[in-house]
Structures are given as C-alpha cells and as structure tokens.
Amino acid sequence: MTDIRRPTRRLLHTSDLHLESLEHHSCRYFTQLIIAARLTKADLVIIAGDLFDSQRVKDDLINYVVEELRSLPAPVVILPGNHDCLTPASAYGRSQIWDHCPNIKIFRSPEGETLKLTDMGFTLWGKASTSYEKEIAPLADIPRPEDDGSWKVAVAHGLYIGNIEPYGTGYQISRREIVESGWDYVALGHVPVFDVICSKPVVACYSGSPGASGGFFLIVDFREETGITLSRYAAQYGTSRIS
Ligand SMILES: [Mn+2]
C-alpha cells in the first residue's frame with residue numbers, strides 16, 4: 001500500500017447522450033450537463049461513450065459541442081462508443097477542431113491506452129471503439145495500474161454480463177474483469193440506466209443517460225478518508241442532489 005495521500009477530487013461521469021442535431025432534444029441535456037459541470041465544480045468530466053448518435057452528425061453540432069466542452073474549467077475525457085466509434089468519418093475523425101482544445105482528451109487506441117492527468121491526480125485508461133464492423137472487448141487486457149499516488153479510473157463502453165465469461169468480443173464486460181482490474185473506479189457506458197455494478201474492491205457504475213433518465217448524471221467523489229461516494233444529480237432541477 002502506498003502512504004501517499006491522494007488529493008480529494010470530484011468526477012462528473014456521464015454517457016450515452018446520443019446527440020443527433022442542434023435541434024434534437026438530446027442537445028438540451030448536453031447544455032444542461034455543461035451548466036451542471038460548472039455548478040458541481042467537477043474536477044474532471046468523463047463521457048463514457050455514445051456522446052454522438054452516429055457518424056452522420058453535422059459540423060454545426062460538432063462545433064457547438066466542442067466549444068461548450070472547451071469552455072469548461074476542467075479536463076474532459078471522451079471514449080468513443082459503438083454509436084460514435086472513431087472512424088475517419090466520425091465526429092472525432094473528420095474534424096480537426098478537437099486538436100485545438102487542450103482540455104479535451106479522446107481515447108483513440110483500439111488496443112486501449114493510459115492517460116495520465118498528473119496535475120489532477122488521475123490516471124485514466126480506456127479502449128476506443130474504432131469500427132462499426134469490429135466489436136471490441138472493452139476491458140480485456142487492461143493493465144494493472146501503477147501505485148503512483150493517483151486515482152485510477154477506467155472507462156469502458158459495453159454490456160455488463162455478470163459472472164459468466166465473455167463469449168466473444170461483443171462489447172461484453174464481466175464481473176471478473178472489473179474485480180481483478182485493480183483500478184479504483186470503472187466509469188461504464190452503453191446501458192442508459194444508472195446502476196452500481198460493483199462496489200468492492202472496485203467501484204463500477206453505469207452513469208445512466210441524461211436523455212433516458214430525464215437529465216440525471218453522476219457525481220463521483222474521491223476522498224482518501226471516505227473512499228469513493230456516488231451522488232446522482234438532476235440537471236433540470238437546478239442541479240439538485242437527489243440521492
Ligand atoms: Mn452504446
């Protein structure tokens with residue numbers, strides 16, 4: 001065990017916004033999310049897949065999303081999911097606008113990659129979906145995290161299949177993969193309903209989609225004294241804590 005005391009940090013975890021266009025109601029939840037990220041003073045925002053509904057989204061939507069995320073005072077980390085997989089034609093692949101946003105990081109490797117936000121005290125890992133044809137195994141081959149005094153957060157977009165073993169790639173995530181990962185928190189996306197999949201020794205949650213749940217998103221507080229605590233917030237009620 002390390003004797004380094006990790007900094008107290010607040011993560012806003014969301015997923016599955018499925019943005020279609022500026023006019024679509026999904027975009028309203030995105031705008032609320034940006035307000036909520038400010039009001040809750042989140043140190044980090046994670047979007048765990050399917051921010052966009054497809055690779056056919058128009059440039060005006062991409063530009064709006066980037067400008068809003070860029071305006072936040074916190075780093076934003078995005079995992080491409082199965083709907084917005086990182087193809088050359090996708091929002092992440094065809095627009096260079098992301099490259100001009102120092103606070104936005106996108107997981108781009110289909111093998112998985114580690115991002116160290118050293119200043120924030122976070123180490124992140126995620127595996128990008130990069131093809132509509134090839135389904136990935138989101139948590140397969142996740143490396144054991146280094147004991148470097150940071151909070152370890154894995155991001156995965158896929159379907160939790162419980163105690164059975166993955167029987168193909170198929171975006172499947174098993175309990176064993178989560179428990180044996182050694183990471184502190186697994187930020188899940190794909191299933192649009194809030195669910196605590198595992199609480200020990202690794203906390204793993206689906207944040208739920210703001211669109212599917214009426215505007216809810218998840219705040220995850222990391223504190224050495226109390227461990228990881230979860231709060232659900234409803235953006236449309238003035239960002240009030242509801243559980
Ligand atoms: Mn999905």
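Derivation of every value follows stated rules applied to the coordinates shown; laboratory data play no part. It should be emphasised that the depicted structure is a prediction, and the values quoted were computed from it without experimental measurement. Cβ sites come from the backbone with ideal geometry, for glycine too, and all protein chains shown count toward neighbours.
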Near Lys58, which lysines are there with a Cα under 16 Å away, not counting those fewer than 8 places off in the same chain?
-> none
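With +1 on the Cβ of every Lys and Arg and -1 on the Cβ of every Asp and Glu, and nothing else charged, how large is the dipole of the chain about its Cα centre, in debye rounded to the nearest 20?
On the way: 24 positive and 30 negative charges, 106 e Å.
It comes to approximately 520 debye.
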Which residues qualify? For Ser129, with a placed amide H closer than 5 Å and at least 5 residues away or on another chain, they are Leu86
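Would you please put 121-128, 167-174, 209-216 in order of how densely packed they are, using the mean number of other Cβ atoms within 10 angstrom per residue and starting with the highest?
Details: 121-128: 24.0, 167-174: 16.0, 209-216: 20.2.
Descending packing order for the listed peptides: 121-128, 209-216, 167-174.
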Determine the percent antiparallel among the DSSP beta bridges restricted to the stretch 9-241, to the nearest 5.
-> 45 percent
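Over the stretch 26-143, what relative contact order in percent results from Cα pairs under 8 Å that are six or more residues apart?
Working: 175 pairs, mean separation 27.8, N = 118.
Reported as a whole number, the value is 24 percent.
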Could you check the simple spin-label distance between Ala140 and Lys41, using points 7 Å along Cα→Cβ, in nm with one decimal?
-> 4.3 nm
Sequence-distant lysines (8 or more away, or on other chains) whose Cα lies within less than 17 Å of Lys200 | Lys152
Mind checking which aspartates and glutamates have their Cα closer than 12 Å to the Cα of Lys41? Skip sequence neighbours fewer than 8 apart in that chain.
-> Asp221
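What value, in deg cm²/dmol to 500, does the helix sum -39500 (n - 2.57) over DSSP H runs of n ≥ 4 give at 222 nm once divided by the residues of the chain? Write down the numbers at each step before the final one.
Values: 5 runs with 39 residues, N = 243.
My calculation for the chain gives -4500 deg cm²/dmol from helical runs alone.
What does the charge count near Asp119 come to, summing +1 for each Lys or Arg and -1 for each Asp or Glu among other residues with Cβ under 14 Å from its Cβ? Could you put the intermediate results ahead of the total?
On the way: positive: Arg6, Arg9, Lys105, Lys116; negative: Asp43, Asp148.
Within the 14 Å Cβ shell, the charges total +2.
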With an 8 Å cut-off on Cα pairs and a minimum separation of 6 or more residues, tell me the relative contact order of the chain in percent.
-> 21 percent
Scan around Tyr160 for amide H atoms under 5 Å from its own, H built in the peptide plane at 1.01 Å from N, and keep only partners 5 or more places away or cross-chain.
-> Ile173
What are the residues whose amide H is under 5 Å from the amide H of Ile104, where those residues sit 5 or more places off or on another chain and H is modelled from the backbone?
-> Val76
